[in-house]
Amino acid sequence: MAGKRRILIVDDEAHIVELLAMNLRQHGFEACSASSGLDVMDRAVAEHPDLILLDLMLPGLSGLEACRLLKTDPRTASVPVIMLTAKSEETDKVIGLGIGADDYVTKPFGLRELIARIEVALRRTVPVPGLALAATIAIGPLAIDESAHEASLGGERLLLSPTEFDMLAMLARGRGKTVRRAELMDPAGRSLDVHMRNLRKKLGDTGEARASGLCIETVRGVGYRLHE
């Protein structure tokens, strides 16, 4: 069992949990579960999941609030979260992505698509074998440790989702150069702009970025670049 990636399923519908757990195990994952938003943090801390599948409609505490707790706690902030929702309204998806969720899947969903999205999210947290990573990328007050998957601004750790970290690292590696939108995220993805707004907000919250002139600039119709 060693080495298998563990997925925490958070859903109050037992038949959905059973179906997901069965399919995850068939694809080589371990599965654990929680049935209430109130249980998410305890289970996440106890189980150390590699990824969390989080339903939005939960008893006790909504999935959005549970996601907010996960992404503001240093113990769980780096764990990828994929939201599962029966809601089709764009607002719910934007809010979820805005508070740090990495992706969303609308019910009913295809299991093959879900597994593919899980694999994509997990790849962002695992270094590619044979790819040499710089020990630290430093740009003014910004420091990015790719091997530890951590970033800090003025010595204060940034609580970034795996997607946000991956985007920031790519921009930092291409410092001053334009990184195309398709390089930052799957071209089929629809959430790049939301993740970028969230990343910019986190960089600006400490004030260090503003003081140093560090910013992410939009290159209209092409992509983004990071510069001082």
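Every read-out reported here was derived from the displayed coordinates using simple, explicitly stated rules and does not represent laboratory data. Here the structure is a predicted model, which is why all the values come from computation and not from measurement. Virtual Cβ from ideal backbone geometry, glycine too; neighbours counted across all protein chains shown.
Here are the numbers:
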{"item": "Label point distance in nm, ARG173-ASP73, each placed 7 Å from Cα along Cα→Cβ", "result": "3.2"}
{"item": "Antiparallel DSSP beta bridges within the chain, as percent of all bridges there, nearest 5", "result": "50"}
{"item": "Prolate/oblate/rounded label for region 6-123 (Cα gyration tensor, a/c 1.5)", "result": "rounded"}
{"item": "Test item: Cα-centred dipole of region 6-123, Lys/Arg +1 and Asp/Glu -1 on Cβ, debye", "result": "280"}
{"item": "Among LEU122, PHE109, ILE7 the positive-end extreme of the charge dipole of region 6-123 (Cβ point charges)", "result": "LEU122"}
{"item": "Hydrodynamic radius of region 46-87 per Kirkwood, over alpha carbon pairs, in Å", "result": "10.7"}
{"item": "Span-rule helices in the chain, defined as complete DSSP H runs reaching 15 Å or more along the axis (Cα) with Kyte mean at least 0.5", "result": "14-26, 111-123"}
{"item": "Extension gain, ARG157 back to VAL45 (0.36 nm per residue minus Cα-Cα distance, nm)", "result": "38.4 nm"}
{"item": "GLU217-GLU65 FRET efficiency (beta carbon distance; Förster radius 30 Å; 0.05 resolution)", "result": "0.35"}
{"item": "Value at 222 nm in deg cm²/dmol, rounded to 500, when DSSP H runs of n ≥ 4 in the chain each add -39,500 (n - 2.57)", "result": "-11000 deg cm²/dmol"}
{"item": "For region 151-202: rounded, prolate or oblate by the Cα gyration tensor [a/c cutoff 1.5]", "result": "oblate"}
{"item": "Cα-only radius of gyration and Dmax that characterise the chain, units Å", "result": "17.6, 52"}
{"item": "Where labels lie 7 Å past Cα in the beta-carbon direction, separation of THR91 and VAL194 in nm", "result": "1.4"}
{"item": "Assigned charges on the beta-carbon of Lys, Arg, Asp, Glu; the chain dipole about Cα centre (debye)", "result": "800"}
